[in-house]
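Student: Right, I'll just put the structure down here and ask away after.
The values are calculated or read from the model by the stated rules, or taken from the named source; none is laboratory data. This one's a predicted model, so the numbers in the text were calculated from it and none came from an experiment. Cβ atoms come from the backbone with ideal geometry, glycine included; neighbour counts cover every protein chain shown.
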Amino acid sequence: MSHIERRSYVRGNFSFKIKFKTMTFDEYAGLVGPNDLILPDFQKKRRIDITDPITDADTAIDPSLVNYLVLIDEKLDLILELLAKDNKIEGLSNQGIGTNISGSGMNIMVDKPIEIGQIIHSKFYLSKIPLVFMDIFGEVIHSTKVDECGNTLYSHGIKFLNISTNDQERIIASVFQRQRGVLRKRKSGS
């Protein structure tokens, strides 16, 4: 019996750190604006396609500069988080691990459950060289409780809501880059 693949996009199984914030539909609608709004499944309305022109990413970038900028970004996030704790503001950002990603969605592991239908605003790096930073809204479409090494974690399937064609292509290129790296390691015997 042959396996039928139902996915439209290639999926990469690799880990990446992710920061996200849960929000209501009204907060999401206020952030993306009426022209860019893509409604989650629970709204049962027509979807609007967003397309961005594809830009040429073949530029020479100093790897040390990229690492420096990424570290600055992470430190600024940490400072904001510490300031928020001092002011008793909670929910600034949650953290998790992305376990796989495709052009249409991803799977994340977190320590707290998120309701199905909840909208999240996620930010993460898929690659430092070339720099692939993603800032994407998504809807939780499934949730599973997982016991891993005595810890209870939750695996959430996220369907992207406002992803542009350019961002989809950047994700797919990152997946292929990682897969080529794995194949090179296998070939060289390391």
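Student: Kindly indicate whether residue 72 is at pLDDT 70 or above, of a type outside the set (S, T, N, Q) and touching a helix residue (DSSP H, G or I) at 6+ places or on another chain (Cβ under 7 Å). Don't jump to the end; show me each part of the working.
Tutor: Values: at pLDDT 70 or above: yes; of a type outside the set (S, T, N, Q): yes; touching a helix residue (DSSP H, G or I) at 6+ places or on another chain (Cβ under 7 Å): no.
Considered against the rule, which asks whether it is at pLDDT 70 or above, of a type outside the set (S, T, N, Q) and touching a helix residue (DSSP H, G or I) at 6+ places or on another chain (Cβ under 7 Å), residue 72 comes out as no.
Student: Identify, by number, the condition in (1) under 16 Å from residue 16 (Cα atoms); (2) loosely packed, with under 14 Cβ neighbours inside 10 Å that residue 117 doesn't meet.
Tutor: If we test residue 117 against (1) under 16 Å from residue 16 (Cα atoms); (2) loosely packed, with under 14 Cβ neighbours inside 10 Å, just (1) comes out false.
Student: Looking for whichever is in contact (Cβ under 8 Å) with a residue 40 or more places away in the chain and either exposed (fewer than 10 other Cβ atoms within 10 Å of the Cβ) or in a strand (DSSP E or B) (or both) here; the options are 145, 159. Which one fits? Before you say what the answer is, go through the steps one by one.
Tutor: Values: 145 fails: in contact (Cβ under 8 Å) with a residue 40 or more places away in the chain.
Matching residue, one of 145, 159: 159.
Student: State all residues of the range 12-31 that are at pLDDT below 85, crowded, with 16+ Cβ neighbours inside 10 Å and either of a type in the set (Gly, Ala, Ser) or within 15 Å of residue 134 (Cβ to Cβ) (or both); if no residue qualifies, say none.
Tutor: Correct list: 12, 29.
Student: Do we find that residue 138 is outside any helix (DSSP H, G or I) and within 15 Å of residue 18 (Cα to Cα) in this structure?
Tutor: yes
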